[in-house]
């Protein structure tokens with residue numbers, strides 16, 4: 001098994017090489033092992049995927065960290081942690097999530113400017129920047145190169161203000177973020193506009209972007225990292241619900257034709 005330092009350096013190298021790379025989002029040890037067996041080079045946790053497995057609309061930071069520990073320990077791949085808002089509004093308290101993710105085995109993590117309050121979903125600009133700065137300081141205090149991702153959540157919460165989003169990403173970059181991320185960007189022109197406005201690698205999440213876009217197109221547009229957030233977990237739930245409806249509504253079981261081959265699954269789980 002690689003050491004955490006080796007994983008951290010490998011993760012940094014993925015962001016430095018030419019072209020974009022895909023970082024899929026498992027939600028447990030089994031899905032992490034399957035993705036590793038398929039040849040992916042890094043993984044990212046998903047708080048939405050975790051919430052789905054727990055049957056909850058939200059998850060605590062404690063649950064997120066334990067899920068990080070499970071996924072980071074399941075394979076030899078670098079893991080990036082979805083830390084939501086760090087579990088607190090206060091910058092220094094939220095920044096402690098960085099050290100907790102590192103202790104759980106992750107070599108990167110994201111902190112976002114979504115408050116968790118649907119009535120006031122986005123932190124004020126100055127507080128959002130202070131939070132990223134505190135997270136960056138926490139990351140730099142670690143004994144290995146932790147990759148900090150800062151997220152501007154405007155587009156996910158009804159604030160489709162491109163100027164403010166770019167302003168936030170640029171401020172997050174200046175505050176010390178290593179990777180920038182704005183979920184909810186849909187079309188290639190908007191993606192290009194955002195990428196061209198920043199100097200650090202950009203993560204695009206395909207759960208909210210035009211699904212016809214390809215790795216090649218996004219790479220040419222300047223995107224460095226492509227994740228899918230909770231999309232794979234939701235896709236798995238859709239298959240589960242289809243099979244359940246077939247049994248309940250029709251008394252039929254044709255879904256078994258599409259089961260995952262146990263030979264492949266067992267090989268990944270060895």
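So for region 204-222 (the condition being surrounded by 22 or more Cβ atoms within 10 Å (Cβ to Cβ), farther than 16 Å from residue 95 by Cβ, touching a residue at least 60 places away in the same chain (Cβ under 8 Å) and touching a helix residue (DSSP H, G or I) at 6+ places or on another chain (Cβ under 8 Å)), does at least one residue qualify?
Yes; the residues of region 204-222 include at least one that is surrounded by 22 or more Cβ atoms within 10 Å (Cβ to Cβ), farther than 16 Å from residue 95 by Cβ, touching a residue at least 60 places away in the same chain (Cβ under 8 Å) and touching a helix residue (DSSP H, G or I) at 6+ places or on another chain (Cβ under 8 Å).
Of all the residues that make up region 245-270, how many are farther than 18 Å from residue 33 by Cβ and out of contact with any helix residue (DSSP H, G or I) (no Cβ under 9 Å at 6 or more places or on another chain)? Break it down into steps so the answer makes sense when it comes.
The initial filter retains those residues of region 245-270 that are farther than 18 Å from residue 33 by Cβ, namely 245-258.
Among the residues that remain, those that are also out of contact with any helix residue (DSSP H, G or I) (no Cβ under 9 Å at 6 or more places or on another chain) are: 245, 248-251, 257.
Final tally of qualifying residues: 6.
Just a yes or no: is a residue in region 210-225 on the phi > 0 side of the Ramachandran plot and touching a strand residue (DSSP E or B) at 6+ places or on another chain (Cβ under 6 Å)? Walk me through how you get there before you give the answer.
Applying the first criterion (on the phi > 0 side of the Ramachandran plot) to region 210-225 yields 222.
Now restrict to residues that are touching a strand residue (DSSP E or B) at 6+ places or on another chain (Cβ under 6 Å): none.
Within region 210-225, not a single residue is on the phi > 0 side of the Ramachandran plot and touching a strand residue (DSSP E or B) at 6+ places or on another chain (Cβ under 6 Å).
Please go through (1) within 15 Å of residue 226 (Cβ to Cβ); (2) out of contact with any strand residue (DSSP E or B) (no Cβ under 7 Å at 6 or more places or on another chain); (3) part of a loop (DSSP other than H, G, I, E, B) for residue 192 and return the number of the only condition it doesn't satisfy.
It fails just one condition, (3).
Restricting region 175-199 to residues that are touching a residue at least 40 places away in the same chain (Cβ under 8 Å) and farther than 22 Å from residue 213 by Cα, which is surrounded by the most Cβ atoms within 10 Å (Cβ to Cβ)? Outline the logic, then answer.
Initial filter on region 175-199 (touching a residue at least 40 places away in the same chain (Cβ under 8 Å)): 175-179, 181, 183.
Now narrow it down to the ones that are farther than 22 Å from residue 213 by Cα: 175-178.
On the way: 175: 19, 176: 18, 177: 26, 178: 19.
Restricting to residues being touching a residue at least 40 places away in the same chain (Cβ under 8 Å) and farther than 22 Å from residue 213 by Cα, the top hit is 177.
Of the residues 138, 171, which single one is more than 27 Å from residue 206 (Cβ to Cβ), assigned to a helix (DSSP H, G or I), modelled with pLDDT of 95 or more and in contact with a helix residue (DSSP H, G or I) (Cβ under 8 Å, 6 or more places away or on another chain)? Break it down into steps so the answer makes sense when it comes.
Values: 171 fails: more than 27 Å from residue 206 (Cβ to Cβ).
Unique residue meeting the criteria: 138.
Considering each of 49, 86, 39 in turn, give the residue that is out of contact with any strand residue (DSSP E or B) (no Cβ under 8 Å at 6 or more places or on another chain), at pLDDT 95 or above and outside any helix (DSSP H, G or I).
39
Look at residue 180 and say whether it is in contact with a strand residue (DSSP E or B) (Cβ under 9 Å, 6 or more places away or on another chain) and over 24 Å from residue 28 (Cβ atoms).
Criteria met by residue 180.
Given 57, 99, 63, 74, which one is buried (at least 18 other Cβ atoms within 10 Å of the Cβ) and in contact with a helix residue (DSSP H, G or I) (Cβ under 9 Å, 6 or more places away or on another chain)?
Going through 57, 99, 63, 74 in turn, just one is buried (at least 18 other Cβ atoms within 10 Å of the Cβ) and in contact with a helix residue (DSSP H, G or I) (Cβ under 9 Å, 6 or more places away or on another chain): 74.
Out of the residues in region 102-121 that are farther than 17 Å from residue 47 by Cβ and over 17 Å from the mean Cα position of the chain (by Cα), which is surrounded by the fewest Cβ atoms within 10 Å (Cβ to Cβ)?
Among those residues, the one meeting the criterion is 119.
The values are calculated or read from the model by the stated rules, or taken from the named source; none is laboratory data. Just so we're clear, the structure is a prediction, and the values are computed from it rather than from any experiment. Because the Cβ atoms are built from the backbone with ideal geometry, glycine has one as well, and the counts that use them run over all protein chains shown.
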